[in-house]
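Q: Can you read through this structure? Questions will come right after.
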Amino acid sequence: MADYQLSLAVNGRERQLHGNLVAFGNGNAGPASTGAVAIVGLGYVGLPTALALHGRSPQIIGIDVSRSRLRDIAARDADLLDDDHKRLDVALTDGSLELTSSPSAASRADAIIVCVPTPVDADSVPDLRDLRSACGAVVASARPGQIIILTSTSYAGTTRDLLIEPLEQRGLRVGTDVFVAFSPERIDPGNPDHLQRDTPRVLGGATAECARRAARVIGELTDDVYVVSSPEAAEATKLYENIFRAVSLALANEFADACTALGLDPIEVTLAAGTKPYGFLGVFPGPGVGGHCIPCDPYYLLWQLDKRGRRSPLIEQAMRSIALRPARVVDRAAEMAAGGGLAGAKVVVVGISYKTGVADVRESPAIPIITGLVARGAAVSFYDPLVPILRLPSGQEMRTVQAPRGEDFDLAIVHTVHPGVSYGWVAACKQVLDGTYRFDAAPHREVV
């Protein structure tokens, strides 16, 4: 167990509270013998999880219902960090990673980790179809002795509703026959600074024995596992983490607009505020919020509260602010356009993935930005070497500009800047709107 420092803005009192957490000591649990592990869902969470077990589990069974995803993984064509690409090649070559679309393959595993996505629909209502299907398949094939761990972010009570109670209905006693826990994933796609091994995990078991056994499995992924009182506590922990991030980002964007109105640099002000060693946890503004977590996860709590006749106005307002941010970028582009309009303007969106270093466009703000620009009559292109093709909600398909020239565009909107990519050409654009607030390759750029 590492001596991990809590990240709390409570005036230094986190040192007094550290002892309230129960740290699981993997070294005190006897010899580590994880056995075969099945990973259900091989997306941006599941595949790195499977690869992190390479060398720690004798057999990793990777299960995904998408045959195209399995083909991409088998062809070594998955979007991964360099080290994980190497692990993937070795795992496929030595046969320790098995790829299959058959959910029943989980019955051969000693431990099962469920890592399927939990999106929301067009009305911001949780879409639990994939999660229900995955958990249903796991329950149907479960056998005595298995450890089953859910990692997908969802409402508090999901593990009990979709795993614990159905297993009990099958006649398998949880805590005696099978061992169930929830341990929310903490994977930062594309960021080599936040590796799984170095990122603490939280875990809540259905019983104390469930927690002990599941923590041994999660302990193969990270050096730090903190055990909480129940699956519900662990589920709520992940929701709070992402809701905090959502509220902070909404505030950062609103404060950035205030700084722009005052002629101040919001990055400078944020960094200056960050020198305070307590009471401030700052984030940077941007063109919007994307990905599979922040734009979606808070709605799981709002949905659950709404079913109980309760509201959370601050979270609701933060999510409205996040949803409206791309429209603010389009409005700002219109303000910069000659004559105050975008009709006929040649606009290029620089980077369309939801974050730097990944090819993932799920919930990317670039999509509503492009849609909004098109609706105002702009001729829109995009440049993203990681995303060659983009399909808009209308069904229109766009392809990245292969060799962009700044002279060809009236306006460049900088959305995502990838490492190792040259953006010098942007400086030749007549106007540059910097949605990142940190793009220094165009001295004449303006910010949102």
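Q: Please name all residue pairs, on different chains or six or more residues apart, with Cβ atoms under 6 Å, provided the first residue is in the stretch 226-251 and is more than 16 Å from Gly288 (Cβ to Cβ) and buried (at least 17 other Cβ atoms within 10 Å of the Cβ) and the second residue is among the aromatic types (Phe, Trp, Tyr) and modelled with pLDDT of 95 or more.
A: If the second residue must be among the aromatic types (Phe, Trp, Tyr) and modelled with pLDDT of 95 or more, the pairs left are Pro231/Phe182; Ala234/Phe182; Glu235/Phe182.
Q: May I pose another question? Would you kindly identify the helices (runs of 4 or more DSSP H) lying entirely within the stretch 120-218 that contain at least 1 residues that are modelled with pLDDT of 95 or more, among the basic types (Lys, Arg) and touching a Gly at 6+ places or on another chain (Cβ under 8 Å)?
A: Passing ranges, in order: 208-218.
Q: Can I ask one more? Which of the residues spanning the stretch 279-325 are assigned to a helix (DSSP H, G or I), among the aromatic types (Phe, Trp, Tyr) and over 17 Å from the mean Cα position of the chain (by Cα)?
A: Correct list: Trp303 only.
Q: Kindly check whether there is at least one residue in the stretch 271-284 that is crowded, with 22+ Cβ neighbours inside 10 Å and not assigned by TED's automatic domain parsing to the domain that holds Gln146.
A: No - not one qualifying residue is present in the stretch 271-284.
Q: Return yes or no: is Arg245 basic (Lys, Arg) and not assigned by TED's automatic domain parsing to the domain that holds Ser57?
A: The answer is yes for Arg245.
Q: Here is a follow-up. What number goes with the only condition from (1) in contact (Cβ under 8 Å) with a residue 40 or more places away in the chain; (2) surrounded by 20 or more Cβ atoms within 10 Å (Cβ to Cβ); (3) touching a Pro at 6+ places or on another chain (Cβ under 9 Å); (4) more than 22 Å from Asp72 (Cβ to Cβ) that Cys135 does not pass?
A: (1)
Q: Under the condition of being without any contact (Cβ under 8 Å) to a residue 12 or more places away in the chain and farther than 27 Å from Ala323 by Cβ, which residue from the stretch 84-127 is surrounded by the most Cβ atoms within 10 Å (Cβ to Cβ)?
A: Filtering the stretch 84-127 for residues without any contact (Cβ under 8 Å) to a residue 12 or more places away in the chain gives 85-86, 93-95, 121-123, 127.
Now restrict to residues that are farther than 27 Å from Ala323 by Cβ: 85-86, 93-95.
Values: His85: 15, Lys86: 13, Thr93: 9, Asp94: 10, Gly95: 8.
Of everything passing the filter in the stretch 84-127, His85 is surrounded by the most Cβ atoms within 10 Å (Cβ to Cβ).
Q: Among the residues of the stretch 342-398, how many are polar (S, T, N, Q) and closer than 18 Å to Gly288 by Cα?
A: Number of matching residues: 4.
The values are calculated or read from the model by the stated rules, or taken from the named source; none is laboratory data. As the structure is a prediction and not an experimental result, all values here were calculated from the model. Positions of Cβ are backbone-derived with ideal geometry, glycine not excepted, and every protein chain shown enters the neighbour counts.
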